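Report on one structure; see the data block that follows.
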C-alpha cells in the first residue's frame with residue numbers, strides 16, 4: 001500500500017498582515033484563552049490600522065494578557081470584547097462599559113457556540129509545533145477551541161515553540177487551519193504565589209477536612225499555594241479542576257496525588273487550563289498523567305458528581321451572617337464567577353462524600369471584617385445559601401450543612417476576628433438573628449486555645465477530632481445531653497436533670513478559657529459535626545488545682561475515648577500551671593473510676609455518702625506518661 005505523503009504544513013505559514021487582510025468588518029473572532037492567547041496575532045490585530053479592521057467582536061473566555069483589555073478600552077470603535085469571566089483584567093473594562101460580560105455557566109458555552117447563539121467567524125488559537133504526522137497540541141487551554149475552529153470560516157494557528165505538547169482532547173491537524181503563523185511573543189508565565197501567615201492558617205484549616213482519597217478542584221492564588229503545602233502528607237488525592245498549577249505539579253511529584261481512587265478518568269488529573277511557571281510548562285510536555293479536556297466535561301455537574309469525595313475550594317470576599325457570599329472582583333481575580341460556582345457546588349452535592357468550601361481571611365487589608373451582617377451592597381454575589389457547606393477563616397471552620405440561620409450566624413461569629421465578634425453579636429441580636437439574651441464573653445476569642453486540634457483514630461477505626469468547645473456548639477451539646485440515659489445524666493450532674501434549655505446550655509458553652517477549659521470530641525456524620533464526648537476542668541479558688549468532669553455518648557463507650565480525652569485535658573492543664581485535679585465520682589460509676597485509676601499519678605481517694613472524692617497530684621508520674629506528653 002502506498003504511503004500517504006505527509007502534509008507540507010510549512011506552505012501555510014504566512015505573515016500576520018496577510019491574515020489580517022482577510023478579516024472583514026463586523027466579524028466575530030475567537031481568541032485562545034488565558035495562557036494560550038495567540039499573543040503575536042493579538043498584538044498585530046490591536047496595532048494594525050487596516051481599514052477593514054473595524055467594528056470587530058472579539059470573543060475570549062478568560063483574558064490574562066493586558067493587550068486585549070487595554071486596547072479594546074482605547075479603540076472602542078475598532079473592537080469590542082465579549083468575555084465569560086469578569087476576573088483578572090476584564091472586570092475594570094466591564095465596569096467602564098468597554099467590555100461585554102456574558103453571564104453563563106461554563107458547561108453551556110460549547111452549546112452556545114454549536115447552536116450559533118455565539119457567532120464565530122474566525123478563530124485564532126495558539127498551538128505547539130506540528131509533529132511528523134501534522135498534529136499539533138492546543139497546549140494549556142482546551143476550553144472551546146475545537147468548537148470555535150469548527151464554526152469559523154477562517155482558522156489561524158499560531159505556532160509557539162514554548163507551548164507544551166499536552167495530552168487529552170488537545171490535538172488538532174494542520175489541515176484544520178487555513179493559515180499558520182510563527183509566534184514572536186513569549187507565553188504568559190506566572191511566578192509562584194507568595195504565602196503569608198493568614199493564608200497559611202486558612203489553608204491548614206481547609207486541609208484538616210480534606211480526607212485521603214479526595215479529588216481536588218483548584219484555582220490559583222496564595223490560598224492554593226499554601227494549601228498544597230498542607231496536603232503533601234495526604235494519600236491518593238485526585239485532581240479534576242479548571243486550572244492546573246505549580247502546586248498541583250508538586251503534589252503529583254511528592255506522591256500525594258495519584259488519582260487512583262477516581263472512577264472517572266482513573267489515574268489522570270483533568271484540567272481545562274494550566275497557569276504557572278516555565279518549570280510547569282516544561283513538566284506538562286508529553287506528560288501522560290495530565291489530560292486537558294473541554295470545559296464542557298470539566299464543569300458539567302453531572303460528571304463531577306460521578307467522582308467520589310470531590311472537594312471544591314473557593315475564596316470568598318465577604319460573607320454575611322445568613323450565608324450570602326460576595327465573590328472577589330477586580331484585577332487579579334482568577335477564580336470563577338457565580339455561574340461556574342453553581343456548577344461546582346452542584347457537582348459537590350452529587351458527589352458521594354463531596355465537600356464545598358469557601359475560604360477567606362477574617363479581615364481585609366484595611367482591617368475591616370469580612371464577616372458582615374449583610375452583603376447586599378457588594379457585587380458578584382453567590383446567594384444559594386442552601387448549597388453552602390463550610391466557611392473557613394484563619395480562626396476555624398463554620399459548618400453550614402443542616403444548620404439554622406441562627407446556628408450559622410453563631411458559627412460565623414466564632415471564626416470572625418476576635419476584635420469583631422462582640423459587634424457582630426450586637427448586630428445579630430438587633431436583627432433578631434441571635435437570641436436577645438445571647439451571651440458573649442468579652443475577649444474570649446483572643447484566648448481560644450486554637451492549638452488543641454487532634455484527630456485520633458481508635459482501635460476499632462473510629463476517628464474523633466478533639467478541640468476546645470465554642471459558643472456555636474450549643475445545639476450540638478444540647479443534642480448530646482438529650483441522647484444520655486437517666487443514669488448517665490445522674491453520673492455527670494449528680495441530679496436527675498430532664499431539660500437543658502438555651503439559658504442553661506449557652507452558659508455551659510461560653511467558657512472563660514483563662515480559668516476553665518472544655519474539650520469536645522467530634523465525629524463527622526454525612527458531612528455534619530456530631531459531638532460525642534466532652535471533658536472539662538474548672539480552676540479552684542487557689543488556681544493551682546482544678547475540678548474535672550467527663551462524659552461520653554453511650555454509643556461510643558469502651559473505645560478509650562474518655563481516657564484519651566483525660567490525657568489531652570491533663571496535658572493542657574499542666575501547660576497552664578495547674579498542679580493537680582480533683583473529681584467527684586459516684587461509687588457505682590465503674591467506667592469513669594477506671595479512667596482515673598489508669599492515670600499514672602498518685603490518687604488520694606475518700607468515699608463519702610456514695611461518692612468518691614478523688615485528688616490527683618501531678619508531682620509524681622509514670623515516666624511513660626511524661627514521655628507521651630512531650631511528643
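Things to note:
- Bridge type composition, the chain - antiparallel percent by DSSP, nearest 5: 50 percent
- Distance between the C-alpha centres of the range 299-330 and the range 448-474: 26 Å, rounded to the whole angstrom.
- Taking the average, over residues, of other Cβ atoms within 10 Å as the packing measure, peptides 265-278, 594-607 rank 265-278, 594-607 from highest down.
- Cα gyration tensor shape of the chain, rounded if a/c is under 1.5, else prolate or oblate by comparing a/b with b/c: prolate
- C-alpha center-to-center spacing [the range 202-235, the range 95-153] in angstrom: 31 Å
- Per-peptide average of other Cβ atoms within 10 Å, ordering 548-555, 577-584, 470-477 highest first: 470-477, 548-555, 577-584
- Relative contact order %, the chain, counting alpha carbon pairs below 8 Å whose residues are six or more apart: 8 percent
- Going from the residue with the fewest nearby Cβ atoms within 10 Å to the one with the most, 310, 298 rank 298, 310.
- Extension gain for residue 451 to residue 383 (0.36 nm times residue separation, less C-alpha to C-alpha distance): 21.2 nm.
- Between residue 462 and residue 486, the simple label model (points 7 Å from Cα in the Cβ direction) yields a spacing of 2.5 nm.
- Rounded if a/c under 1.5, otherwise prolate or oblate - the range 452-629, Cα gyration tensor axes: rounded
- Using C-alpha pairs below 8 Å separated by at least 6 residues, the relative contact order for the range 264-399 is 26 percent.
- Projecting label points 7 angstrom from Cα along Cα→Cβ for residue 367 and residue 606 puts them 5.2 nm apart.
- Computed over the range 452-629: relative contact order in percent, which uses C-alpha pairs under 8 Å that are six or more apart: 16 percent
- Inverse mean reciprocal Cα-Cα distance (Kirkwood Rh) of the range 389-474, Å: 14.1 Å
- Shape of the range 366-407, Cα gyration tensor, a/c cut at 1.5: oblate
- Efficiency of FRET from Cβ geometry, residue 188 and residue 211, R₀ 41 Å, rounded to 0.05: 0.70
Read-outs: derived from the displayed coordinates by stated rules, not from any lab. In this text the structure is predicted, and so the values were computed from the model without any measurement. Backbone-built Cβ (ideal geometry, glycine too); neighbour counts: all protein chains shown.
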